[in-house]
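Data block below; observations after.
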Amino acid sequence: MKNVFIIGGTTFDHIVTLNEFPQPVPQTIHHAPFYEATGSTGAGKALCLEKLGVSNVLYSVLGDDEYGKRIINHLASENVNFVFDFDPKGTERHINIMNANGERISMFITQSSGKPDISFEKVEQEVKNADIIVLNIISYCKEIIPVLPVGHKPVWTDLHDYTDGNEYHEPFIEASDYIFLSSDNLDDYQKTMINLMERGKELVVCTHGKKGATALTKNSEWITEKALTDFELVDSNGAGDNFFSGFLYAFINGMSVRESMRYGAICGAECITSKQLVSDRLNQELLESLYRKYYTV
């Protein structure tokens with residue numbers, strides 16, 4: 001089994017669920033269910049890969065505070081190999097307002113430092129130990145990009161709700177071989193995917209939420225898969241990271257791009273049934289069982 005090193009992405013999230021987003025007028029909402037959970041893209045990927053038996057290490061920065069300790073304890077309880085540095089600005093926190101359709105308004109109420117005190121020797125060693133690097137688009141991760149060529153390992157990144165020409169994403173695009181992104185903010189996602197492939201990438205995968213996902217291979221092959229829509233929606237936080245991780249799990253186990261997209265679809269669908277970033281019941285056995293159910297004739 002290959003070793004995956006995930007760089008960046010742990011937050012503490014305060015999540016409010018409403019039937020619909022509030023109108024922009026002064027008002028009082030008397031019933032707003034609320035809970036708290038570990039959040040962000042690195043934690044989501046690490047938790048999912050761990051449940052699928054993929055050896056991985058997560059590096060992130062967080063505060064030496066109550067919220068940081070809760071993240072550390074949670075990841076330890078899930079057997080995530082978590083390597084971290086403390087950020088003097090404290091733990092990054094978000095307030096996520098969710099509606100009944102799984103849509104989200106996310107507010108960053110605190111943010112990580114752009115240039116925290118990173119233990120580069122520790123990070124460099126993990127780069128050397130890994131077979132695959134997952135580079136998340138957190139601001140401080142830009143500081144780590146110069147270290148990545150040391151390992152000469154394939155780099156995967158998730159651009160999330162990318163917009164064409166966004167300069168913030170350029171260092172991550174340049175550093176990566178495999179790119180995932182969402183079509184949410186794209187006028188012509190296929191054109192964007194072609195432009196990324198023309199920059200020498202190995203694979204580009206674009207997700208469309210409930211409309212599934214599209215991949216463009218190095219051989220100019222377009223592959224589209226539908227989303228699985230018969231899973232109960234509890235909370236959509238983490239669905240994209242679970243899709244990414246399910247895809248990666250299948251891909252490193254020798255599956256085709258189409259098969260990998262199907263594994264990703266299962267993980268993304270299973271994620272929304274839980275209030276946590278990853279469903280408690282997810283494991284290899286469940287994943288393979290669901291694959292046979294949905295994709296084996």
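The values are calculated or read from the model by the stated rules, or taken from the named source; none is laboratory data. All values derive from a computational prediction rather than experimental measurement. For neighbour counting, all protein chains shown are included, and Cβ atoms are generated from backbone atoms with ideal geometry for every residue, glycine included. What goes into the accessible areas is simple: the full protein's heavy atoms, side chains included, and nothing from ligands, DNA or RNA. Shrake-Rupley method; radii C 1.70, N 1.55, O 1.52, S 1.80 Å.
Summary table below
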read-out	value
Those residues of region 30-58 which are assigned to a helix (DSSP H, G or I), touching a residue at least 60 places away in the same chain (Cβ under 8 Å) and closer than 21 Å to residue 269 by Cβ, in sequence order	41, 43, 44, 45, 47, 48, 49, 51
Selected residue [out of contact with any Lys or Arg (no Cβ under 7 Å at 6 or more places or on another chain), loosely packed, with under 15 Cβ neighbours inside 10 Å and either part of a strand (DSSP E or B) or β-branched (Val, Ile, Thr) (or both)] from 109, 105	105
Top-ranked residue of region 174-206 - restricted to ones that are part of a strand (DSSP E or B) and without any contact (Cβ under 8 Å) to a residue 60 or more places away in the chain, ranked as most open to solvent (accessible area, probe 1.4 Å)	178
Of the criteria (1) more than 18 Å from residue 248 (Cβ to Cβ); (2) open to solvent by less than 30 Å² (accessible area, probe 1.4 Å), which one residue 54 fails	(1)
Residue that is modelled with pLDDT of 95 or more, outside any helix (DSSP H, G or I) and in contact with a helix residue (DSSP H, G or I) (Cβ under 6 Å, 6 or more places away or on another chain), where the choices are 277, 282	282
Within region 238-279, considering residues that are within 17 Å of the chain's Cα centre (by Cα) and of a type in the set (D, E, K, R), the one surrounded by the fewest Cβ atoms within 10 Å (Cβ to Cβ)	275
Residue 75 being at pLDDT 95 or above, within 30 Å of residue 153 (Cβ to Cβ) and surrounded by 24 or more Cβ atoms within 10 Å (Cβ to Cβ)	no
Residue match in region 251-264 (condition: over 21 Å from residue 153 (Cβ atoms) and out of contact with any helix residue (DSSP H, G or I) (no Cβ under 9 Å at 6 or more places or on another chain))	yes
Criterion violated by residue 117 - all others in (1) loosely packed, with under 15 Cβ neighbours inside 10 Å; (2) touching a residue at least 12 places away in the same chain (Cβ under 8 Å); (3) part of a helix (DSSP H, G or I) satisfied	(3)
